[in-house]
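A short write-up of the structure that comes next.
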Amino acid sequence: MKLNSIELLIEDKIATLTINRPKALNALNTEVLQELALALNEIEKNDNILALILTGSGEKSFVAGADIAEMKDKNAVEGQIFSKLGNKVFSQLENLKIPTIAAVNGFALGGGCELALATDIRIASENALFGQPEVGLGITPGFGGTQRLSRAIGLSKAKEMIFTGRNVKAEQALDMGLISQIVPKGDVLNAAKDLASKINRNAPYAVQASKRAMNQGINLDLEQGLNLETEVFGLCFSTEDQKEGMSAFIDKRKATFLNK
Ligand code: CAA
């Protein structure tokens, strides 16, 4: 697979996707979005990949938004097509069966904040800056920000961020629950790899089934969500990993899971 604007590295069952347009602070243009879709297709097909990390190249920016130069002359239909593409790719990312981690290494503005929001877990370097500045450009967030930000931090705080377009530093993002960890500048990719390795020590099917129950459950009422939990919980008992995990506990040894 030939990629021009992103890089895909697979190591120790962890895939790392790096948005690689440092001169434009890794802004998302059509090519980046199309290449992300291609890379996600490859990752979906590869059962040996147990976690995905997303990051941006350089120490200054994760992703500084959708590409403003590309959007500038679009008409309404073209704007919708661009939003549809971004939303399709970000939903593909959100719905990947494996856990995903955003290693936010600087600016996460507009489409960058939205990209991070489509991952399962966000960790950030101390210089990270989050924001949805779109209204200052005369547009709304278009890659999921009006939907996922409120689900992540609550409707009122999300409205305040989107209506004002103000940026939020890493410390504040942590307080808001937008991210789960802050690490020193330069350490965020290693921290994401450590986290992915920690996750990968557990039974892969159980991790993935937990993700499915949580992702689908958040859009269901509690009773339907609990039914979904019962379904995935029961399915775990048909896996070898459940037999191994519980036998290892009883035998007082470390479990060896399939595909670990
Ligand atoms: N699109 C295109 N190019 C971008 C960009 C973007 N979102 N963000 C930065 N760049 C480019 C700049 O144009 C500049 O290019 P040149 O060197 O060719 O002039 C280069 O990256 C470096 O940027 P700056 O010189 O501006 O760097 P800075 O350190 O002074 O400022 C910044 C950094 C605060 C992030 C500033 O670049 C900025 O405000 N960028 C735009 C952020 C933004 O508004 N993002 C939202 C985009 S809209 C969106 O994302 C819609 C959606 O939801 C789908």
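None of the figures in this text is laboratory data; all of them are computed from the coordinates on show. Treat the numbers as computed from the prediction; the structure is a model and nothing was measured. With ideal geometry, Cβ positions are generated from the backbone for all residues, glycine too; neighbour counts draw on all protein chains shown.
Summary table
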| quantity | calculated |
| --- | --- |
| Size of electric dipole in the range 198-240: Cβ of Lys, Arg +1 and of Asp, Glu -1, about Cα centre, debye, nearest 20 | 360 debye |
| Relative packing of 137-146, 230-239, which averages over residues the other C-beta atoms within 10 Å, highest first | 137-146, 230-239 |
| Exposure proxy ranking, count of Cβ atoms within 10 Å, fewest first, for I123, I162 | I162, I123 |
| Radius of gyration, Dmax [the range 6-200; alpha carbons; angstrom] | 15.4, 46 |
| Gain on full stretching of the segment that runs from V135 to N48 - 0.36 nm per residue minus C-alpha separation | 27.2 nm |
| E94-A248 pseudo-label distance in nm [points 7 Å out on the Cα-to-Cβ vector] | 3.3 nm |
| Leading residue at positive end of dipole, the chain (Cβ point charges), from I6, A255, L96 | A255 |
| Vicinal HN-Hα couplings computed from phi for the range 208-218 (Karplus, 6.51 cos²θ - 1.76 cosθ + 1.60; Hz; Gly/Pro x) | 5, 5, 4, 4, 4, 5, 6, 5, 6, x, 5 |
| Cross-link partners of K13 among lysines (Cα-Cα below 22 Å; sequence separation of 8 or more within a chain) | K2, K45, K97, K193, K198, K211, K254, K260 |
| Degrees, to the nearest 10: 240-251 long Cα axis against longest axis of the chain | 60 degrees |
| Unit charges on C-beta of K, R, D, E only; dipole of the chain, Debye | 260 debye |
| Helix-derived mean residue ellipticity, 222 nm - over the chain, DSSP H n ≥ 4, -39500 (n - 2.57), to 500 | -15000 deg cm²/dmol |
| Fraction of beta bridges assigned by DSSP in the range 6-200 that are antiparallel (%, nearest 5) | 25 percent |
| For the range 201-260 versus the range 41-64, the gap between their alpha-carbon centres in whole angstrom | 24 Å |
| Cβ-based net charge around K169, under 12 Å, with every Lys or Arg adding one and every Asp or Glu removing one | -2 |
| Nearest 10 degrees, 0 to 90: helix 155-164 Cα axis against the chain principal axis | 30 degrees |
